[in-house]
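Below is one structure, written out as structure tokens, with a few remarks after it.
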Amino acid sequence: MKFDNDRALTKIAGCLLLMATASTAQSSRSGSTELSSIISHAPFTQLGISSWAAGGTGVVDVGNPAAAFSNPAALRCNTLTGYVEFGRRLPTTWIVGIDYDNQYLLPAFVSLGTRTDLLNVSFGYANTYNEHPSFSILETTADDPEGTGRYFEFERSVKTHVFFGSFARRMGDDISLGITLGINYLRYDEFIVSSGSGSGVGMAVNAGGIFQATRSLVIGGSLRYISTINFNVSFPSQSVLVPPDSSGYNLRFVQLAFPYTAKFPVGFEIGGKWDVFTPLTLMASFETQIWTGVTSGVFKNIVDIHLGASYEFTPAFSGSIGFFTHHEPNTFNSAYLDQNFVTAGFRWKTDELVSISASILDSHFFSNNAPVDYSNREYQHFNQTYVAMGVGYAF
């Protein structure tokens, strides 16, 4: 068997490179490789349409229905309120022509929140991480140089599903504190020659605070932690030779299982919101992610900047624009994978009960990433686009 051209072989090498940049082998036990991390930066989901429309400044977005994952202290529910968010990652291309993204998040986020005498509370589900690389290569032979009709395929899916409870309490007129506690379920599926799958469970914690410094100035901060998830990826039974037993047979069928580890960065963010005048609000925040604990010597810590503005055209309709940096922590080709996003969106309250919001995040306009030369070919840019829509209902 051979492939249609050397670009196909480059894709195969790139496939292995993609897996290596998200994970680094540490040790080998019983013939199986333990990975130090399968987590990378690009697949994390941007939850909270109103905050990401304004550049990802959710740390100071008071009333954000998805505040559980940006700053739980900003959670506000005047009545029993339901909210659902849907997302779409448009297809893009990773370094060597590997298909990347191209998935629907249905849903990305669901919550039901209310208020008691002491607390604002919210319970729900979030798809916080969603990675999807894939490619296919046409097989050719000497007899069929145009292709046999069969394809060599690779596909991987890594998703985390968080089931959470979020709680916020006002500590006087100026201070709010909040915490989100979640069960983090990871699902891993891979197809390359044969199919493999695995899953594991960990915990997710997000704590934050809001301080009303003045009538027009709000300061917020949050800390995010996700525990390590250890799991096995199992592949179908394969025949192997073993020493013969009393029956005289030495062919056995065994199921291969490889240990994997998913390690996540610790995040800290601080920001401010300034009501310049009645319809205009400006927001900014600085986010630090600690990646050195994920894979020592491979990942670096990063700092991203988030800037946004919101304008209330009417009490029922507001629009937002923003900008944020998205630095790549992996030191391999980090300049190529760095992105700068511009954002925009709106929120429309159709009546007292229903609200509709939408946003778009795109890194094609002001990206600072650099071309990369791999296998004597220059791959220009890695850019992503994410669109989302949300619907809220006050019961």
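Taking 30 Å as R0, compute the FRET efficiency from the Cβ-Cβ separation of PHE191 and THR385 and round it to 0.05.
0.75
Ranked highest first by the average count of other Cβ atoms within 10 Å around their residues, in what order do 261-267, 224-230 fall?
Order by mean packing, descending: 261-267, 224-230.
In whole percent, how big is the carbon plus sulfur part of the accessible area of region 63-218, probe 1.4 Å, protein atoms only?
That share works out to 57 percent.
Quote the FRET efficiency, to the nearest 0.05, computed for SER234 versus ALA335 with a Förster distance R0 of 51 Å and r equal to the Cβ-Cβ distance.
Details: r = 37 Å, r/R0 = 0.73.
After rounding to 0.05, the efficiency reads 0.85.
Can you sort PHE313, PHE86, PHE164 by 1.4 Å-probe accessible area, starting with the largest?
Values: PHE313 130, PHE86 80, PHE164 10 Å².
So, going from the largest accessible area down, we get PHE313, PHE86, PHE164.
What list of ³J(HN,Hα) values in whole Hz, one per residue of region 100-111 in order, does the Karplus curve 6.51 cos²θ - 1.76 cosθ + 1.60 (θ = phi - 60°) give from phi, with Gly and Pro shown as x?
9, 6, 6, 9, 9, 9, 10, x, 8, 7, 9, 8
What figure in square angstrom, to the nearest 10, would you give for the accessible area of TYR185 with a 1.4 Å probe?
Accessible area of TYR185: about 80 Å².
What are the residues whose amide H is under 5 Å from the amide H of ASP338, where those residues sit 5 or more places off or on another chain and H is modelled from the backbone?
GLU328, ALA370
At q = 0.19 Å⁻¹, what base-10 log of I(q)/I(0) does the Debye formula yield for region 151-214 when every alpha carbon is treated as an equal point scatterer in vacuo?
-0.77
Along the Cα→Cβ direction, 7 angstrom out, place labels at SER199 and VAL354. What is the inter-label distance in nm?
My value for the distance between the label points is 3.5 nm.
Skip the ligands, DNA and RNA, and give the accessible area per residue of region 86-187 with a 1.4 Å probe, whole Å².
That works out to 47 Å² per residue.
Starting from 0.36 nm per residue, how many nanometres of slack lie between PHE211 and VAL276 once their C-alpha separation is accounted for?
Using 0.36 nm per residue and subtracting the Cα-Cα distance, I get 21.7 nm.
The values are calculated or read from the model by the stated rules, or taken from the named source; none is laboratory data. Worth saying up front: this structure is predicted, and the values here are computed from it rather than measured. So basically every Cβ, Gly included, is an ideal-geometry build from the backbone, and we count neighbours across all protein chains shown. Protein only, heavy atoms only, side chains kept; ligands, DNA and RNA dropped before computing areas. Shrake-Rupley method; radii C 1.70, N 1.55, O 1.52, S 1.80 Å.
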